[in-house]
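Read through the structure below, which is laid out as structure tokens, and then see the notes.
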Amino acid sequence: MLRQLKSLLKDSAIYALGNISGKIVGFILLPFYVDKLTTAEYGMLGTLEVTFQLIIALAGLNLYAAFTRWYSDKELQGRRESTFFTWLTTIIVLAILLNIFCFPASPAFSRLLFDSTDHTRLIRLMICSAGLELIGTVPATLCRMQSQSVRYTRTIIIRLGAVLALTIIFLVVLDRKLEGIYEAQIAGGLIYLALFVPYILKNIKIRFEKQILNRMLRYSFPFVLSSSFGVLLTVADRFSLNFISGLVSVGVYSLGYKLANSLKTLIVQPISLALPPVMFRMADQPDAKRFYSKIMTYFTFGMVFFATGISMFGQEAVKILTAKEPDYWGAYTVIPFIAFGIVFGMMKDQTVYSLQIVKRTGVIAGVIIFVSLLNLGLNVLSISLIGTMGAALSTLTVQAVYFFVMFYYAQRYYPVPYEFRKIFWAIGTGVLFCIVAYLIRDRELVLRLCIKILLLVAYPLTLYVLRCYDKKELQALRDLWKNRKNLINRAVPSK
């Protein structure tokens, strides 16, 4: 189990480099967005981003989930290259069809989202960018399944550098505003695909596996509707704000959401990129369930630490990033709700592996649809009553419900002895510290920062006092820390 953990940590650290680069690019661009876009235009950008996610969920047929689950299966031995070719060809056809059918409907989409057809070209640019993203997902997923974390991260960083440079040129120099942002995204997507061409050619065999595609479609079909509802679960807050409170509210909320969502970008996603191959390889091992339990425990400890940190220091972060735009300053109030919602979302993702192992995709689909509808209803009700804070509160509530419902069904089909005493001590400690930080929000800056830093340092010590760490695990972590240089040397290839 320790060997698998070392492999997971190594790949997660490398994937994190790409995600950190993405977040750095986002932070670099944020002042340009705030300066060049009005609050309403920033709200439009937030609305387009969530529409983009919904298109990706619908158009990709969630085939990446089937490929991820089946790639390590013995059934595909000797046929992986042809299966990869089959999936890539299918996605390219779907991306082309997406643009063919959506381009004529762009004026209607513009009117639906923004009450005007003036943004038709912007909608078309977003759809074109979505098609490129769909295709790019295919070689990126193969990199993950082959544990090619260095190749994956290197390609991501090059793409991000290109997008950063082009966005600044289009937005600042040429004053292209929102259209310039998506033109830069399209150029970045083309560069991304071009970098993957040699890797794609190396890993394909030109043979269409119709039977395997049919089986993959049957496996992923329950996910198609559920993944669409899953995206709706993620984006309902901003869609609801757009239609109920307007684009200005979306703009303020989107800023707080992006800051809180850095937890997902920097921590959850890198580990999630590295985790599936390890989780599925471990499924037949005698200590698999203990491994899954420990992953949940320590993943939660780390996530709560960072969720607490970003929640406590969100007030200062927002004011630094938008110093000249006080209209955005209220964004910090939504950060704690979204951050702890991400914690529950991460815990839910861990329980989903149990259902994927036993191939109960129908159960997953049913739960996602139920929770998504609940989320939509809660958002409409709460936003109507308390605006942006209602959207944030709905996000936290629904993610908690999502976890508990998914956990209930996962334990029925594949029970895992999770350490919930430790997990909920960790969450409770983080929430308590966030409440203290909120109560001192009007104190002097220096005093406020000192108290928050002390609280953050006290978090792991509090868990130690509450006996949330096992002695053997502490010793194993000390050994990992001592051997960190060896891990880094193995992670980075020699020149």
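Please treat every number below as a calculation from the coordinates, not as lab data. All of these numbers come straight from a predicted model, not from anything done at the bench. All Cβ positions, even for glycine, are placed from backbone atoms using ideal geometry, and neighbour counts span all protein chains on display.
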If packing is taken as the average number of other Cβ atoms within 10 Å across a peptide's residues, how do 383-393, 258-268 rank, most packed first?
258-268, 383-393
What FRET efficiency would be calculated for the residue pair residue 108, residue 421, taking the C-beta separation as r and a Förster radius of 45 Å, to the nearest 0.05?
0.25
Unit Cα scatterers, Debye sum, the stretch 340-409: log10 I(q)/I(0) for q = 0.25 Å⁻¹:
-1.03
What distance in nm separates the simple spin-label points at residue 285 and residue 173, each placed 7 Å from Cα in the Cβ direction?
5.1 nm
Which of the trypsin sites (Lys or Arg not before Pro) across the stretch 349-437 are loop residues per DSSP, with 15 or fewer other Cβ within 10 Å?
359
Can you flag which of 264/422; 210/264; 36/258 are past 29 Å Cα-Cα?
210/264
If packing is taken as the average number of other Cβ atoms within 10 Å across a peptide's residues, how do 100-108, 246-254 rank, most packed first?
246-254, 100-108
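Let's test the formula: R0 of 51 Å, r as the Cβ-Cβ distance of residue 206 and residue 24. What FRET efficiency results, to the nearest 0.05?
Rounded to the nearest 0.05, the efficiency is 0.85.
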For the charge dipole of the stretch 28-178, defined by +1 on Lys and Arg C-beta atoms and -1 on Asp and Glu C-beta atoms about the Cα centroid, which residue among 39, 59, 104 has the Cα displaced farthest towards the positive pole?
59
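Pulled fully out, how much extra length does the chain show between residue 358 and residue 454, if you take 0.36 nm times their separation in residues and subtract their Cα-Cα distance?
30.1 nm
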Once you put a point 7 Å from the Cα of residue 370 and another 7 Å from the Cα of residue 165, both along the Cβ direction, what distance in nm separates them?
5.2 nm
Highest first, please rank the peptides 330-336, 435-441 by the mean number of other Cβ atoms sitting within 10 Å of their residues.
330-336, 435-441
Any idea what the dipole of the chain comes to, in debye rounded to 20, about its Cα centre with Lys/Arg Cβ at +1 and Asp/Glu Cβ at -1?
2020 debye
About its Cα centre, what dipole magnitude does the stretch 223-360 give when the only charges are +1 on Lys and Arg Cβ and -1 on Asp and Glu Cβ, stated in debye to the nearest 20?
380 debye
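Quick one: if the Förster radius is 30 Å, what FRET efficiency do residue 435 and residue 412 give, using the C-beta to C-beta distance and rounding to 0.05?
0.30
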Taking Cα atoms of the chain, Rg/Rh with Kirkwood Rh, to two decimals?
0.95
State the extension gain, in nm to one decimal, for the chain segment bounded by residue 40 and residue 461, taking 0.36 nm per residue of separation less the distance between their alpha-carbons.
147.2 nm
In whole Å, what are the Cα extents of the stretch 163-262 along the three principal axes, biggest one first?
50, 36, 22
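As an exercise, identify the trypsin sites (Lys or Arg not before Pro) in the stretch 290-344 lying in DSSP coil whose Cβ has no more than 10 other Cβ atoms within 10 Å.
Those satisfying the criteria are 324.
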With only alpha-carbon atoms in the gyration tensor, what are the semi-axes of the equivalent ellipsoid for the stretch 211-364, in Å, largest first?
34, 21, 11
Can you list, bin by bin at 5 Å, the percent of alpha carbon pairs in the stretch 136-176, starting at 0?
5, 23, 20, 15, 12, 10, 9, 5, 1
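In deg cm²/dmol and to the nearest 500, what is the mean residue ellipticity at 222 nm of the chain if only DSSP H runs of at least 4 residues count, each as -39500 (n - 2.57), divided by the residue total?
Computed ellipticity for the chain at 222 nm equals -28000 deg cm²/dmol.
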